[in-house]
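The values are calculated or read from the model by the stated rules, or taken from the named source; none is laboratory data. In this text, all values refer to a predicted model and were calculated from it rather than measured experimentally. Here the Cβ positions follow ideal geometry from the backbone for every residue, glycine too, while neighbour counts run over all protein chains shown. SASA here: full protein model, heavy atoms, side chains in, ligands and nucleic acids out. Shrake-Rupley method; radii C 1.70, N 1.55, O 1.52, S 1.80 Å.
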Amino acid sequence: MLTASGVAFGQLVAMAVLALYVASQLGANDVANSMGTSVGSKALTLRQALVVAGILEFAGAVFFGRGVSETLATGVVNPAAFAAQPEVFLIGMVSVLVSCGLWLQIATHWGLPVSSSHAVVGAIAGFSSIAAGIGAVNWGTIGIISLTWVATPIASGAVAGVFYSLVKRYILDRPDPLFQMREWIPWLSAALLGVFGIIVLPSVVDVVFVQTGAIGLVRDRLGWNIPVRDIVIGIGAIGAVAISLNSWNVLEKESATDFVADVADGWKVKSGDLATGNVLDVTDRRAIEIGKSTNSPPLPLSPSLPLPPSPPPPLSPSPIERQMARFQVLSACFVAFAHGSNDVGNAVAPLAAIAYIRRTGAFPSEDFSVPLWILVVGGAGIVIGLAIWGKKVIATVGENIIQLQPSGGFCAELATATTVLLASRLGLPVSTSHALVGAVVGVGIARNWKSVQFQTLLSIGSAWLVTIPIAAGLSAVIFSIARWIL
């Protein structure tokens, strides 16, 4: 016969399995759409994206996702409404897990990128309204989150459009694009490390240098008082220089390889191309040299039977797009790591609240943190869901809005990170999913607005609009049933 502690442990295990299911849906949707641009632009294959996102999301979640500065529980509901009845709040959090998992699975099945954070917010508001009345919900928070539906994609789209327009004007459309790419590599490297470094590096430096006592040891032994921000700037500067040097080296090797292949294939080399490097750019290869030497005289052509033009050989990606693809791989790694460290804690916050209530018997305080084992559950669920169900959402974001090239994909990811960073500094709750979709649209408009698949955008926008109402309704129904049973 099971003891009371055995029953409690079994219930906690059941809740952990439920949280694993929710995290798997988070991986299939939220994480999948963040990797969509890299797969859509062919910077990463689907298998490579699954490996990169799986490793870095898990690492970010487990090692840097512990702190929850402002939990969803205390931000969306009025704590006073549940202070005297934490058991009711526990049942409500179970309904949050179930409703969010169901809605994310439905959205993923249809390939619709939605925000898991918004689903959690809607679910908490839904059960709170039933449990303690409309006044238990902080409607000001709900209103601000709703405004970000419009503001986030517009801001991200505008930033992405500006980024892509600059790249297009000063690199892609220039008569000497390869030379311009060499000139712009340091600036692109600095932009990459500047934006993503501000998001990721402070957390890494805090864990590696501050929490381990390394800074204190250097201060005590050598008398050096090194500010944390200087370490972050120094690491970013070293990284930017290293990326620039490596990119120049790779470009030189690819240039030599492409030139040999061009001559071997009979591409026409214009005088001056060797000086400018244009011969190495696929986009600057105008035509195949028709007058190749042959041993037989040319046959006369009949005016009544003209020969059809020979189709050009298939073109491989230009060195410029290959370099942009390398930049995009780095940005995809940063996006995955930052998403794991920043968002996964919120995704498993309901389970953390359940564990806290079962351990203390009180409503979660504002400073409670997510335990390590819950972060491991969340990280494992993300990897499972991304691997099994993530393909549809990746295709929607990466291929079904516009056809991306690495240059456009890199600009979209950089714009997404910039928008999320600025919003975080302003204290505004934003969705990475919304920002990324808006950035892809911004790149499409800057390139050619007719290439944007507005029917896909209509489906995505509809899913955004109904996320909070559907999650709230599901949570309210599930909570009512659970409370009636119990």
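Test V7 against the criterion of being at pLDDT below 75 and open to solvent by 50 Å² or more (accessible area, probe 1.4 Å), and give yes or no.
yes
What number goes with the only condition from (1) β-branched (V, I, T); (2) closer than 24 Å to A439 by Cα; (3) not in a loop (DSSP other than H, G, I, E, B) that V96 does not pass?
Answer for V96: the failing condition is (2).
Hey, W184 hits all of (1) in contact (Cβ under 8 Å) with a residue 24 or more places away in the chain; (2) open to solvent by 30 Å² or more (accessible area, probe 1.4 Å) but one; which does it fall short on?
Here W184 meets the rest and fails (1).
Residue by residue, here is whether (1) in contact (Cβ under 8 Å) with a residue 24 or more places away in the chain; (2) farther than 21 Å from F63 by Cα; (3) out of contact with any helix residue (DSSP H, G or I) (no Cβ under 7 Å at 6 or more places or on another chain) holds:
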site: A191; (1), (2), (3): yes, yes, no
site: V200; (1), (2), (3): yes, no, no
site: S203; (1), (2), (3): yes, no, no
site: V210; (1), (2), (3): no, no, no
site: I215; (1), (2), (3): no, no, no
site: V218; (1), (2), (3): no, yes, yes
site: R221; (1), (2), (3): no, yes, yes
site: P227; (1), (2), (3): no, yes, yes
site: G236; (1), (2), (3): yes, no, no
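What residue, among those in segment 445-486 that are charged (D, E, K, R) and touching a residue at least 40 places away in the same chain (Cβ under 8 Å), is least open to solvent (accessible area, probe 1.4 Å)?
Only one residue tops the list, namely R447.
Go through segment 414-439 and give me each residue that's farther than 20 Å from L147 by Cβ and at pLDDT below 85.
A417
Looking at segment 264-271, can you tell me whether even one residue there is open to solvent by 70 Å² or more (accessible area, probe 1.4 Å), assigned to a helix (DSSP H, G or I) and at pLDDT below 70?
Kept after step one, since they are open to solvent by 70 Å² or more (accessible area, probe 1.4 Å), are these residues of segment 264-271: 264-265, 268, 270-271.
Those left that are additionally assigned to a helix (DSSP H, G or I): 264-265.
Restricting the remaining residues to those that are at pLDDT below 70 gives 264-265.
Within segment 264-271, one or more residues are open to solvent by 70 Å² or more (accessible area, probe 1.4 Å), assigned to a helix (DSSP H, G or I) and at pLDDT below 70.
Given the criteria out of contact with any Ser or Thr (no Cβ under 9 Å at 6 or more places or on another chain), farther than 22 Å from H118 by Cβ, at pLDDT 80 or above and open to solvent by less than 20 Å² (accessible area, probe 1.4 Å), does A362 qualify?
No, not satisfied.
I235 fails exactly one of the following numbered conditions: (1) open to solvent by 40 Å² or more (accessible area, probe 1.4 Å); (2) at pLDDT 90 or above. What is the number of that condition?
The one condition I235 does not meet is (2).
For A338, indicate whether it is in contact with a Gly (Cβ under 8 Å, 6 or more places away or on another chain) and either at pLDDT below 75 or open to solvent by less than 10 Å² (accessible area, probe 1.4 Å) (or both).
Yes.
Please verify whether segment 36-56 includes one or more residues that are of a type in the set (K, R), at pLDDT 80 or above and open to solvent by 10 Å² or more (accessible area, probe 1.4 Å).
The answer is yes, given that some residue of segment 36-56 is of a type in the set (K, R), at pLDDT 80 or above and open to solvent by 10 Å² or more (accessible area, probe 1.4 Å).
What do you reckon, is V200 under 27 Å from the mean Cα position of the chain (by Cα), open to solvent by 70 Å² or more (accessible area, probe 1.4 Å) and under 24 Å from H434 (Cβ atoms)?
Judged against the criteria, V200 is not a match.
Can you find, within segment 105-142, the residue that is most open to solvent (accessible area, probe 1.4 Å) among those that are assigned to a helix (DSSP H, G or I), of a type in the set (S, T, N, Q) and closer than 23 Å to V430 by Cα?
Q105
Pick out the one residue from Y164, Y170 that is open to solvent by less than 30 Å² (accessible area, probe 1.4 Å), assigned to a helix (DSSP H, G or I), at pLDDT 90 or above and among the aromatic types (F, W, Y).
The match here is Y164.
Hey, among the residues in segment 219-256 that are in contact with a Lys or Arg (Cβ under 8 Å, 6 or more places away or on another chain) and not aliphatic (A, V, I, L, M), which one's nearest to R326 (Cα to Cα)?
Once the filter is applied, the top-ranked residue is S247.
When residues of segment 130-147 are filtered for being touching a helix residue (DSSP H, G or I) at 6+ places or on another chain (Cβ under 7 Å) and of a type in the set (S, T, Y), how many remain?
Here the count works out to 1.
If you go through segment 121-141, how many residues are among the aromatic types (F, W, Y) and modelled with pLDDT of 85 or more?
Matching residues across segment 121-141 total 1.
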